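Notes follow once the structure below has been shown.
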Amino acid sequence: MKIILSGIASDSHTWNLVYLGLFLEERGHDVVALGPCVSPRLLTAACRRHAPDAVVLSSVNGHGYRDALAAVRALRAGPELAALPVAVGGKLGTAGHSREAEAARLRAAGCDAVLGDGAGDLDALCAFLAAPARVGA
Ligand code: B12
């Protein structure tokens, strides 16, 4: 698959992206890595330009729920990216565990998979990419 891998607007962490890029490439995917601090507008433009099969968003700075919501809303604003599979994961909040209400808001906005930061979440990401469907808390 061609996958756009992206950080989100406020998040300057990069090793999560380096790790995920290698992880996805080792599984045979073609990764277009946008890097950290990607605005919703830039993400949307990159998706139009590269026509990926899926988008993987990563965040660890604690603002993931909020920033990913803006990113997903921008992706879903137009009809051409409405069906593009989107997964988000990492350390999305500051509570140290997933927050169901915020995950539900992300799913309602059109995010297909809301994942965490454990090894099981990487397995869940692989499963999602193999057969995109709504998964995760
Ligand atoms: C290194 C580091 C930094 C470096 C980053 C350098 C760089 N080039 O990236 C520096 C010093 C710059 C930094 C800055 C900050 N950091 Co920092 N940082 C870390 C630290 C110590 C390690 C992160 C790292 O590189 N890990 C290695 C990578 C490979 O692992 P990872 O990031 O966890 O990613 C894994 C998983 O999260 C998961 N994953 C990630 N994304 C996704 C996506 C999907 C779909 C899936 C399935 C899985 C997944 O898979 C990855 C591989 O296992 C962590 C603490 C920690 N031990 O995790 C804090 C940490 C991430 N930082 C934190 C914070 C708060 C900040 C700052 C806001 C601090 C500040 N007040 O300025 C700033 C960020 C500013 C910003 N605008 O974003 C907090 C985040 C709090 C939270 N989420 O609850 C942490 C957790 C520290 C803490 N315990 O408080 N940081």
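The values are calculated or read from the model by the stated rules, or taken from the named source; none is laboratory data. Because the structure is a prediction, the values reported are computed rather than measured. Quick reminder, even Gly has a Cβ in these numbers, built from the backbone with ideal geometry, and neighbours come from all protein chains shown. Just the protein is used for accessible areas: all its heavy atoms, side chains included, with ligands, DNA and RNA removed. Shrake-Rupley method; radii C 1.70, N 1.55, O 1.52, S 1.80 Å.
Inclusion of Ala51 among residues that are open to solvent by 20 Å² or more (accessible area, probe 1.4 Å) and modelled with pLDDT of 95 or more is warranted. The residue pairs whose first member lies in region 10-21 and is closer than 20 Å to Ala70 by Cα and near the ligand (Cβ under 6 Å from one of its atoms), whose second member is open to solvent by 60 Å² or more (accessible area, probe 1.4 Å) and in a loop (DSSP other than H, G, I, E, B), and whose beta carbons are closer than 7 Å, counting only pairs six or more residues apart or on different chains, are Ser10/His63; Asp11/Cys37; Asp11/His63; Ser12/Cys37.
With respect to Ala46, is the statement that it is surrounded by fewer than 21 Cβ atoms within 10 Å (Cβ to Cβ) and assigned to a helix (DSSP H, G or I) true? For Ala46, the condition - surrounded by fewer than 21 Cβ atoms within 10 Å (Cβ to Cβ) and assigned to a helix (DSSP H, G or I) - is met.
Condition check ((1) of a type in the set (Gly, Ala, Ser); (2) touching a Leu at 6+ places or on another chain (Cβ under 9 Å)) across all residues:
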{"residue": "Leu75", "(1), (2)": "no, yes"}
{"residue": "Ala82", "(1), (2)": "yes, yes"}
{"residue": "Val88", "(1), (2)": "no, yes"}
{"residue": "Arg99", "(1), (2)": "no, yes"}
{"residue": "Ala104", "(1), (2)": "yes, no"}
{"residue": "Val114", "(1), (2)": "no, yes"}
{"residue": "Leu129", "(1), (2)": "no, yes"}
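Scanning region 25-53 for residues that are among the hydrophobic types (A, V, I, L, M, F, W, C) and in contact (Cβ under 8 Å) with a residue 40 or more places away in the chain, we see that the one that is nearest to Cys111 (Cα to Cα) is Cys47. Here region 58-73 is the region considered, the condition is being of a type in the set (Gly, Ala, Ser) and open to solvent by less than 30 Å² (accessible area, probe 1.4 Å), and the residue that is farthest from the ligand (Cβ to nearest atom) is Ala71. Note down all Cβ pairs under 9 Å where the first residue falls in region 54-70 and is more than 19 Å from Leu84 (Cβ to Cβ), the second is basic (Lys, Arg) and part of a helix (DSSP H, G or I), and they're at least six residues apart or on different chains. So the pair list comes out as Tyr65/Arg105. Within region 74-91, the presence of a residue that is assigned to a helix (DSSP H, G or I) and either basic (Lys, Arg) or modelled with pLDDT under 90 (or both) is excluded. Scanning region 7-43 for residues that are assigned to a loop (DSSP other than H, G, I, E, B), β-branched (Val, Ile, Thr) and open to solvent by less than 30 Å² (accessible area, probe 1.4 Å) returns Ile8, Val38. The sole residue among Ala95, Ala87 that is crowded, with 20+ Cβ neighbours inside 10 Å and near the ligand (Cβ under 10 Å from one of its atoms) is Ala87.
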